[in-house]
Amino acid sequence: MAEKKKGLNLNRVDMPRQDPKERIKNFNEVALGYTEEMAVAEAERCLLCKKPLCVQGCPAEVKIPEFIALIRERKFIEAARKIKETNALPAVCGRVCPQEEQCEEMCVLNKKGAPIAIGRLERFVADYEAKMGAVEKPEIAPKSGKKVAVIGSGPGGLTVAADCAIMGHEVVVFEALHKPGGVLVYGIPEFRLPKVIVEREVEYIKSLGVKFECDVVVGRTVTIDDLMEKEGFDAVFIGVGAGAPIFMGIPGETLKGVYSANEFLTRNNLMKAYLFPEYDTPIKVGKKVAVVGGGNVAMDAVRTALRLGAEEAHIVYRRTRKEMPARAEEIENAEEEGVIFNFLINPVEIIGDENGWVKGLKCIRMELGEPDESGRRRPVPIPGSEFIMDVDTVIMAIGTRANPVIQRTTPDLEVNKWGYIVADEETCKTSKKGVFAGGDIIRGAATVILAVGDGKKAARAIDHYLRTGEW
Amino acid sequence: MFKIVEKKDWHPTICEMWVEAPRVARKHRPGQFVIIRIHEKGERIPLTVVDKKPEEGLIRIIFQKVGKTTWELGTFKPGDYIADVVGPLGQPTHIEKFGTVVGVGGGVGIAPLYPILKGMKEAGNRLITILGARSKDLLILEDEVRAISEEVIVTTDDGSYGKKGLVTDALKELIESGEKIDQVVAIGPGIMMKFVVKTLEPYKIPCIVSLNAMMLDGTGMCGVCRITVGDEVKFVCVDGPEFDGYKVNFDELMSRLTVYREEEQQALERFKNAHPEIFAGVE
């Protein structure tokens, strides 16, 4: 198709979303996705740069201009396959990647404030392909005769599994929970990432020949040494995430009505507690809920609380809006839904009633001081400014850390002082021969796409190791 | 999917199963537990592994029917499948030769106690065991415990078997009889464990307890099982389930177990209404 000569089109095509008044009553996906016409219109804006910067911003190395060019030609299925050449999880990444900090930030049109909506386009073609029932497997290399164990079925593990399978290796994924998907299943809510999409991506990876064994807690049910010495695995990838919740260590955290965000979200997402009593797992949300934290997990928790019927849902954050690590889009969604943001306050105590239930959250006001090592201005408490927030539920969403179960049972695996596994940045190789690690377990809680990026590097390094024996 | 191969009803409300779970059977050590989910809509609950046959890939579980999940599991028959069995979870019991070990088990707490006592026996300890139940028909594992214990004292609340009274009465009597006790292992309801520790306190006899906290994933991911032990907050699923009884805040443990009492009641009522036949004739 001939390129039309035209000026810059800065009208980024909006993606329809459910009305805020409606969507806080349901768990359906908030974003509704582009129509074909919208997708083509957005793709038309792309300048198809000769030296595309967007690709440099993508840890999954997606061939962005190529797939956008195919959308322009209405070759949507071909576009989806183009993405899948490098990223097995386009429907997931199109939804939950922070594109504004990655591909879209690099887009030349971002300088004009209207980057191409790469994420929305990615999601559109992935959904289109699935809707058409046209999902096709890539070509799979001849069998190598080598076996790869992937521990953890989150985004990193799924990527390694898919890539290693395509490279001809036999892959088994071990998952501790009863369902594959890791954080995509237990952590990210239905309204942001419908679970059928995760299931679809997992089915696709199964179709590549990957086997999944759930209910296996590596470190307890079986050790890495067992896998390599007794079960014949030639290489192991550890992608278990940073799943252990952090509490603040303030008085009152064992009161009833206090949750970790992990617990609150797992009950709801993995166990479907929002469908109780049809599903057996209960969840309790009070009338006034405070979620402590400013990241994506905090947004997920507070928006879940609203949907479960909380009358007031608060974010309690010790810095200001500017320092919040959550995606701008998620903060806006939360605001539209009526979440109340409380900045520059920090909890110091959770107050309980005579029966052990939360009845208030004692906070202290903060002000911003000098920047700390993260470059954000450090919040400093203002003496004597304590006050009590009237809440009956408190959800701690202040981060997670490494779960030590694998490291404890694999003595020759080097970990750093925070308990994260030490791995080479380029190859994901650990201190133990044949063992690779990537995603949150090597760097601490981060994003889906960084885990995908590690997965890609690890798969290449695993393939090299299995074919050459070089370590 | 995990196949049930054998089932035994100790009582209309207490059930035992042997389940195919080869990986768990291979790795299980005394003190560890599993998390099960009975079907696609089920919740995840922790259950004790009472025994195992690694060569046959079997584990033995015993549970009391208290809520919807355990009542429903009680309807499963040999040949049926439990959707998920994951484990073994938690830290194994620290077993060594202490000398004289007294086991105190209350109700279905006898189920987790038995494998620990077996381990203690194998390590060369002399065992005295106190078993408590509300009444004779609710007493489990008596023969098996007798087979490994030098002495077994049974107490029942209603006096229908053994001594009428509580395990703490029997424990106090035992101590006062001059028996030199090196270690106590107490497992049962929170209130029982709390008072066992209180009974032992004047004599400074060490006591291990195993906590029956609420759990979700069982792998240290959610923290619902957290409990104050000494000055620290611990996760029962990964740091426990066993702790030094002197350090456990039992009131907190018991309080936290009531978080979902209303919902549990609601789920059970709903299940009763849908399946009245299961509950026919059961008090």
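The values are calculated or read from the model by the stated rules, or taken from the named source; none is laboratory data. Because the structure is predicted, anything quoted here is derived from the model rather than measured. We place every Cβ from the backbone using ideal geometry, glycine too, and count neighbours over all the protein chains shown. Each accessible area value is taken on the protein alone, full model and side chains, heavy atoms only, with ligands, DNA and RNA left out. Shrake-Rupley method; radii C 1.70, N 1.55, O 1.52, S 1.80 Å.
What to note about this one:
- Average partner coverage of B:40-50, which counts Cβ from other chains inside 10 Å: 3
- Heavy-atom surface analysis with a 1.4 Å probe gives segment B:100-256 a carbon and sulfur content of 51 percent of its accessible area.
- Beta bridge orientation in chain B: antiparallel %, DSSP, nearest 5: 60 percent
- Look at the Cα gyration tensor of chain B: its axes a ≥ b ≥ c give a/c under 1.5, and that counts as rounded.
- Cα-Cα over 23 Å, subset of A:63/A:111; B:8/B:52; B:8/B:53; A:146/A:211; B:52/B:198: B:52/B:198
- When Rg and the Kirkwood radius Rh are both evaluated on Cα atoms of chain A, their ratio Rg/Rh stands at 0.98.
- DSSP bridge pairs, segment B:15-133: antiparallel proportion in percent, nearest 5: 75 percent
- Cβ neighbours within 10 Å from other chains - mean over B:221-233: 5
- The trypsin sites (Lys or Arg not before Pro) found in segment A:345-437 that occupy coil by DSSP, while having at most 13 further C-beta atoms within 10 Å, are A:417, A:433.
- Charge dipole magnitude, Cβ of K and R +1, D and E -1 - the protein assembly as shown, Cα centre, debye nearest 20: 1360 debye
- A cut-off of 5 Å between modelled amide H atoms, ignoring neighbours fewer than 5 places along the same chain, links residue A:222 with A:217.
- Extent along principal axes [Cα atoms of segment A:99-155; Å; largest to smallest]: 52, 29, 22
- Over segment A:7-55, the alpha carbon radius of gyration divided by the compact-protein estimate 2.2 N^0.38 Å works out to 1.56.
- Taking the three principal axes of the alpha carbon atoms in segment B:100-256, the coordinate ranges are 42, 32, 29 Å, sorted in descending order.
- With Cα atoms as the point set, the radius of gyration and Dmax of segment A:243-355 evaluate to 14.0, 41 Å.
- Computed from backbone phi, the HN-Hα couplings of segment B:6-17 come to 8, 9, 9, 9, 6, 6, x, 10, 10, 10, 10, 9 Hz, rounded to whole numbers (Karplus: 6.51 cos²θ - 1.76 cosθ + 1.60, θ = phi - 60°; Gly and Pro given as x).
- Segment B:2-89: C-alpha pair distances exceeding 16 Å, %: 46 percent
- Here's the picture: a label point sits 7 Å out from the Cα of residue A:467 along the beta-carbon direction, and within segment A:223-239 the residues with their amide nitrogen under 19 Å of it are A:234-237.
- Note on residue B:94 and residue A:17: their simple-model spin labels are 5.3 nm apart, each label 7 Å out from Cα toward Cβ.
- The distance separating the Cα centre of segment B:99-122 from that of segment A:171-192 comes to 37 Å.
- Using a simple spin-label model with pseudo-atoms 7 Å out from Cα toward Cβ, residue A:140 and residue A:214 lie 2.2 nm apart.
- q = 0.23 Å⁻¹, segment B:43-120: log10 I(q)/I(0) [Debye, one scatterer per Cα]: -1.31
- Considering all different alpha carbon pairs of segment A:54-149, the Kirkwood hydrodynamic radius works out to 14.1 Å.
- Under 5 Å from the amide H of residue B:154 lie the amide H atoms of B:131, B:163, each residue being 5 or more positions distant or on a separate chain, with H modelled from the backbone and absent for Pro and chain starts.
- Shielding of peptide B:27-36 by partners, expressed as the average count of other chain Cβ atoms within 10 Å per residue Cβ, is 2.
- For segment A:200-266, applying the loop criterion from DSSP together with a ceiling of 12 other beta carbons within 10 Å to the GluC sites (Glu not before Pro) yields A:231.
- Projecting the Cα atoms of A:241, A:204, A:368 onto the charge dipole of the protein assembly as shown (Cβ charges, centred on the Cα centre) puts A:204 farthest toward the positive pole.
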